[in-house]
Amino acid sequence: MSTPMCPVVHFEMPYRDAARASRFYTEVFGWQIQAFGEEMGHYLMATTAGEDSAEPGTKRGVINGGLFPFKADWPMQHPSVVIAVADIRAAMARVNAGGGEVMGEPMPIPGVGDYVSFVDTEGNRHSMLQPLMPG
């Protein structure tokens, strides 16, 4: 059985000053930044382009992302990508079997899906997301 192709669907970066980071990405790149409060970990959602569409005049293959507060006692805080998977537990097993390391257990993100970080064989931290099924 072959491994399904899993797309990059999101990026993440740490920030040290939310207002400064928001201003920078808004002014320099025109991104739309939506700040979430304490209940969502002070996450900044970054919209880099409109919805991916086949309509004329839209961009194909774009991804959006977010910024999270830098915390000195957290491991491996650097830019990373989020990869969508159909079954997060199966993907976690593939990461471990392939020589990577899953960092903890999946956490639910309300309205989004289950999320877990991992380290690949090259020491890069990334994450996986099992999106909620539309319903």
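Each value in this text was obtained by applying a stated rule to the coordinates, not by laboratory testing. Being a predicted model, the structure only gives us computed values, none of them experimental. Note that we place each Cβ from the backbone using ideal geometry, even for glycine, and neighbour counts take in every protein chain shown.
In the chain, the DSSP-assigned H stretches of four residues or longer account for a calculated mean residue ellipticity at 222 nm of -5000 deg cm²/dmol, using -39500 (n - 2.57) per stretch and the full residue count as denominator. Put simply, the amide H of residue 43, placed in the peptide plane, has neighbours under 5 Å in 36, leaving out anything fewer than 5 places away on its chain.
Note on residue 132 and residue 107: the extension gain reaches 7.7 nm, defined as 0.36 nm multiplied by sequence separation minus the Cα-Cα distance. Grouping the Cα pair distances of region 1-121 into 5 Å bins from zero gives a pair-distance distribution of 2, 9, 16, 21, 19, 16, 10, 5, 1, 0 percent in increasing distance order. As a rough guide to protection, the peptides 13-21, 83-91 ranked by mean Cβ packing within 10 Å, highest first, stand as 83-91, 13-21. For region 115-130, 3J(HN,Hα) computed residue by residue from phi via the Karplus equation (6.51, -1.76, 1.60; θ = phi - 60°) reads 9, 8, 8, 8, 10, 7, 5, 9, x, 8, 8, 9, 9, 10, 9, 9 Hz, glycine and proline entered as x. Once amide H atoms are placed 1.01 Å from N in the peptide plane, what residues at a sequence separation of 5 or more from residue 85, or on another chain, have their amide H within under 5 Å of its amide H? Sorted by chain and number, the residues that satisfy this are 129, 130.
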